[in-house]
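The values are calculated or read from the model by the stated rules, or taken from the named source; none is laboratory data. Values in this document were obtained by computation on a predicted structure and should not be read as measured data. Note: ideal-geometry Cβ built from the backbone for every residue, glycine included; neighbour counts use all protein chains shown.
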């Protein structure tokens, strides 16, 4: 429903700005608190939740099976071969970590830009980041062949007198991703402390009071604490912003430092970062749309959020499209025979279909989001989020597989075919991600209550230094 | 140290942030210094009203970040130049541009951890027990929708009857005595 033909009395539309409201009108501090905390503190877990946990848990069980067999048999059960030694593991790693980036973008960058609408969605976007990083981090580990020796990646005084090679982007990656995981968890937890205090105080059960009391570390809402808390949040946001940009840049350097045609380009860092944010926003929508419906959170996660996320996706999608066209242009302009062949092979080679899937999902169809009518249609936006996530997965597939299968020497060309273990591992991480997310939604406050309270009109002071403000009247 | 006993302070409950800030200003103006406000979301004006202007979180964060930077850059240099020098196609052992990336990540890691845990430490958290939780109306309001001002008994100006009548004048919902 576009604003123009919306009924004038639609309460979700602000009459002054004609924009959809960020929070439905008529809420009080207490009502937003109850709206969020009831989901966690209820003694009646909805049946739908149990059902979803069962399904997601079974799919995660598939991951367990696949990984167990992998540890017993080795990476030979996967489709990776020479020349495609990277395969699904790296595709999934890059895809998952990219998804995580939108969480940090929403919580950090939009905080710095004072985008108030982010407040309702930042907590679960951050949770999404953490669970996506969990899924992502698993792939390089299980790809190593001997994952129990994964700690060799870190600098430590070993009896072999061995130290990591700090000139390699693969070692940079270890520091980038481990820092990213740590800072994301810390940011998420610190942001949650006041809400955990609320849950502690509202919980009726002894166990709940103890559990949330432990997590809330004795938060009592002192204004001195709030001032420090606000500073720390702002600092963490300021630190997470360059961090998130660096993480995907470093990941893209894993590719672009190699001399492979199609990889060895300087556009990779910005284009990877834009793609990461693009797919991440798509995943936020994939999660937010069913959740707001299932838990009746339409008052707090409004059409405005969906509309805004659509705009961000459109913008980042256009950056990604620019990246693709630059690649095509440079393959011609560089006058490099191998670059030219790489692009031809990408488009019309044996796996050319995957390139066109990517173009359709990432560039062609998302153009529909120019239409406001499309962006405010919840069902269509859900569909679009799935399309974009598919497209972004194929982007990584195209980058990894088409370049590796056919490099400089035709005698070393090969092909790539994923095995059932590859598919089970990938689908299994989707299950694990959903499973962790469901636990989060049930046991932790998924919408930051303290930040919602700040957004309500009654949170504004009615006078400053004894002088009433214009709209005063308390 | 023996456990403190008796009165921790007097706690006034307010309906709106405006009333709280007004009362906090009045208390500060009347000479009270040992006091605190408790709110369900950050009310910066209340912090200013009770004379709390500066927090040291940024400084802790800066020091942490610089330490992280120095630690990683030193480690990389030591490893690549002295502990495990590897000659890669004649490139210098001290290839500092390559060392920038992990050093950058550790700057952020240490700065972030310092900001987060420094904030908790400066707040004196974790502190599961605090006398204000003994106020009967505190837990249902302070983290949900009510605003509290607590004038503490350790303040030299504190006097149970006088302070109570002072708080009563600030139009609170209630004034209760908080025990240790």
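List of remarks:
- Given (1) within 26 Å of the chain's Cα centre (by Cα); (2) in a helix (DSSP H, G or I), number of the condition residue A:72 does not satisfy: (1)
- Taken as a whole, segment B:2-12 holds at least one residue that is surrounded by 14 or more Cβ atoms within 10 Å (Cβ to Cβ), in contact with a strand residue (DSSP E or B) (Cβ under 6 Å, 6 or more places away or on another chain) and closer than 25 Å to residue A:460 by Cβ.
- Sole residue being in contact with a helix residue (DSSP H, G or I) (Cβ under 8 Å, 6 or more places away or on another chain) and exposed (fewer than 14 other Cβ atoms within 10 Å of the Cβ), chosen from B:49, B:23, B:30: B:30
Yes or no, residue by residue, for (1) surrounded by fewer than 14 Cβ atoms within 10 Å (Cβ to Cβ); (2) within 27 Å of residue B:179 (Cβ to Cβ); (3) touching a residue at least 12 places away in the same chain (Cβ under 8 Å); (4) under 22 Å from the mean Cα position of the chain (by Cα):
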| site | (1), (2), (3), (4) |
| --- | --- |
| B:19 | no, yes, yes, no |
| B:45 | no, no, yes, yes |
| B:54 | yes, no, no, yes |
| B:78 | yes, no, no, no |
| B:93 | no, no, yes, no |
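- If you go through segment A:399-412 and keep only what is free of Cβ contacts under 8 Å to residues at least 24 places away in the same chain and either crowded, with 19+ Cβ neighbours inside 10 Å or outside any helix (DSSP H, G or I) (or both), you end up with just A:409.
- Selection status of residue A:88, over 18 Å from residue A:277 (Cβ atoms) and assigned to a helix (DSSP H, G or I): yes
- If you check A:43, A:58 for being modelled with pLDDT of 85 or more, exposed (fewer than 15 other Cβ atoms within 10 Å of the Cβ) and farther than 29 Å from residue A:176 by Cα, only one passes: A:58.
- Candidates in segment B:142-154 are the residues that are in contact with a helix residue (DSSP H, G or I) (Cβ under 9 Å, 6 or more places away or on another chain) and assigned to a loop (DSSP other than H, G, I, E, B); of these, the one that is farthest from the other protein chains (Cβ to nearest Cβ) is B:153.
Residue by residue, here is whether (1) within 7 Å of chain B (Cβ to nearest Cβ); (2) in contact with a strand residue (DSSP E or B) (Cβ under 8 Å, 6 or more places away or on another chain) holds:
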{"position": "A:185", "(1), (2)": "no, no"}
{"position": "A:197", "(1), (2)": "yes, no"}
{"position": "A:200", "(1), (2)": "no, no"}
{"position": "A:209", "(1), (2)": "no, no"}
{"position": "A:220", "(1), (2)": "yes, yes"}
{"position": "A:223", "(1), (2)": "yes, yes"}
{"position": "A:237", "(1), (2)": "no, no"}
{"position": "A:240", "(1), (2)": "no, no"}
{"position": "A:247", "(1), (2)": "no, no"}
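- Verdict on residue B:41 being touching a helix residue (DSSP H, G or I) at 6+ places or on another chain (Cβ under 7 Å) and either at the interface with another protein chain (Cβ under 7 Å from one of its Cβ atoms) or surrounded by fewer than 18 Cβ atoms within 10 Å (Cβ to Cβ) (or both): yes
- Checklist (1) more than 14 Å from every other protein chain (Cβ to nearest Cβ); (2) under 30 Å from residue B:52 (Cα atoms) applied to residue A:258, failing item: (2)
- Screening residue A:186 on (1) surrounded by fewer than 23 Cβ atoms within 10 Å (Cβ to Cβ); (2) not in a helix (DSSP H, G or I) shows it passes everything except condition (2).
- Any hit, segment B:80-92, residues being more than 9 Å from chain A (Cβ to nearest Cβ), in a helix (DSSP H, G or I) and either on the phi > 0 side of the Ramachandran plot or at pLDDT 90 or above (or both): yes
- When we screen A:415, A:360 for residues that are loosely packed, with under 15 Cβ neighbours inside 10 Å and either outside any helix (DSSP H, G or I) or touching a residue at least 12 places away in the same chain (Cβ under 8 Å) (or both), the only hit is A:415.
- Picking from residues in segment A:418-474 that are closer than 30 Å to residue A:83 by Cα and not in a helix (DSSP H, G or I), the one that is modelled with the highest pLDDT is A:419.
- Residue in segment A:254-264 that is touching a residue at least 24 places away in the same chain (Cβ under 8 Å), crowded, with 20+ Cβ neighbours inside 10 Å and either touching a strand residue (DSSP E or B) at 6+ places or on another chain (Cβ under 8 Å) or assigned to a helix (DSSP H, G or I) (or both) present: yes
- Flag if residue A:219 is closer than 17 Å to residue B:116 by Cα, without any contact (Cβ under 8 Å) to a residue 60 or more places away in the chain and not in a helix (DSSP H, G or I): yes
- Flag for residue B:178 being in contact with a strand residue (DSSP E or B) (Cβ under 9 Å, 6 or more places away or on another chain), within 14 Å of chain A (Cβ to nearest Cβ) and in a helix (DSSP H, G or I): no
- Flag for residue A:45 being in contact (Cβ under 8 Å) with a residue 24 or more places away in the chain, part of a loop (DSSP other than H, G, I, E, B) and more than 14 Å from every other protein chain (Cβ to nearest Cβ): yes
- None of A:178, A:203, A:158, A:168 is closer than 21 Å to residue B:107 by Cβ and at pLDDT below 90 except A:168.
- Candidate set: segment B:122-138, residues that are assigned to a helix (DSSP H, G or I) and touching a residue at least 60 places away in the same chain (Cβ under 8 Å); chosen: the one farthest from residue A:185 (Cα to Cα): B:134
- Residue, farthest from the other protein chains (Cβ to nearest Cβ), within segment A:157-179, restricted to residues that are surrounded by 17 or more Cβ atoms within 10 Å (Cβ to Cβ) and assigned to a loop (DSSP other than H, G, I, E, B): A:164
- Any chance residue A:77 is over 27 Å from residue A:376 (Cα atoms), touching a helix residue (DSSP H, G or I) at 6+ places or on another chain (Cβ under 8 Å), touching a residue at least 12 places away in the same chain (Cβ under 8 Å) and surrounded by 23 or more Cβ atoms within 10 Å (Cβ to Cβ): no
- Scanning segment B:64-76 for residues that are facing another protein chain (nearest Cβ under 9 Å) and free of Cβ contacts under 8 Å to residues at least 24 places away in the same chain yields a count of 1.
- Residues of segment B:112-141 that are surrounded by 22 or more Cβ atoms within 10 Å (Cβ to Cβ) and either closer than 19 Å to residue B:7 by Cβ or more than 7 Å from chain A (Cβ to nearest Cβ) (or both): B:114, B:118, B:135, B:138, B:141.
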